[in-house]
1. Over region 6-64, what is the mean sequence separation of C-alpha contacts under 8 Å (at least six apart), divided by residue count, expressed as relative contact order in percent?
2. 7 Å from Cα along Cα→Cβ at both Arg15 and Arg39: what's the point-to-point distance in nm?
3. Starting from 0.36 nm per residue, how many nanometres of slack lie between Tyr58 and Val29 once their C-alpha separation is accounted for?
4. In degrees from 0 to 90, rounded to the nearest 10, what is the angle of the helix 14-30 Cα long axis to the longest principal axis of the chain?
5. About its Cα centre, what dipole magnitude does the chain give when the only charges are +1 on Lys and Arg Cβ and -1 on Asp and Glu Cβ, stated in debye to the nearest 20?
6. Arranged by the count of other C-beta atoms within 10 angstrom, fewest first, what order do Phe25, Phe7 take?
7. In degrees, nearest 10, range 0 to 90: what is the angle between the Cα axis of helix 36-64 and the longest Cα principal axis of the chain?
8. Would you mind counting up the charge near Thr14? Only other residues with Cβ under 11 Å from its Cβ, with Lys and Arg at +1 and Asp and Glu at -1.
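Derivation of every value follows stated rules applied to the coordinates shown; laboratory data play no part. All figures in this text were calculated on a predicted structure; none of them were measured in a lab. As a convention, Cβ positions derive from the backbone with ideal geometry for all residues, glycine included, and neighbour counts pool all protein chains shown.
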Amino acid sequence: MKLITRFELASKSTRELHVLYREVFNALVRSERETAERRNCLASLENIQNELASRALYSLTQLQS
């Protein structure tokens, strides 16, 4: 699996991010320990989580304005 960057994630909908998270998580479970594929899965999951958190924070700030 290739690394999924924040730049790539920015163009996806929140629904697409959740679907992608599940797909990457499943790839992580199937990956072998200490491989590049596993590292890419972990980094991609972190990027997806960060993008979702960023959107949630942005939504909260918009509600308070």
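1. Details: 25 pairs, mean separation 23.4, N = 59.
Computed value for region 6-64: 40 percent relative contact order.
2. 3.6 nm
3. On the way: separation 29, 0.36 × 29 = 10.44 nm, distance 3.11 nm.
Extra length available between Tyr58 and Val29 comes to 7.3 nm.
4. 20 degrees
5. Working: 10 positive and 8 negative charges, 13 e Å.
Charge dipole, the chain, about its Cα centre: 60 debye, nearest 20.
6. On the way: Phe25 14, Phe7 8.
Result, fewest neighbours first: Phe7, Phe25.
7. Taking the Cα atoms of the chain, the angle to 36-64 is about 10 degrees.
8. Working: positive: Lys12, Arg15, Arg55; negative: Glu16, Glu51.
Taking every Cβ under 11 Å from that of Thr14, the sum is +1.
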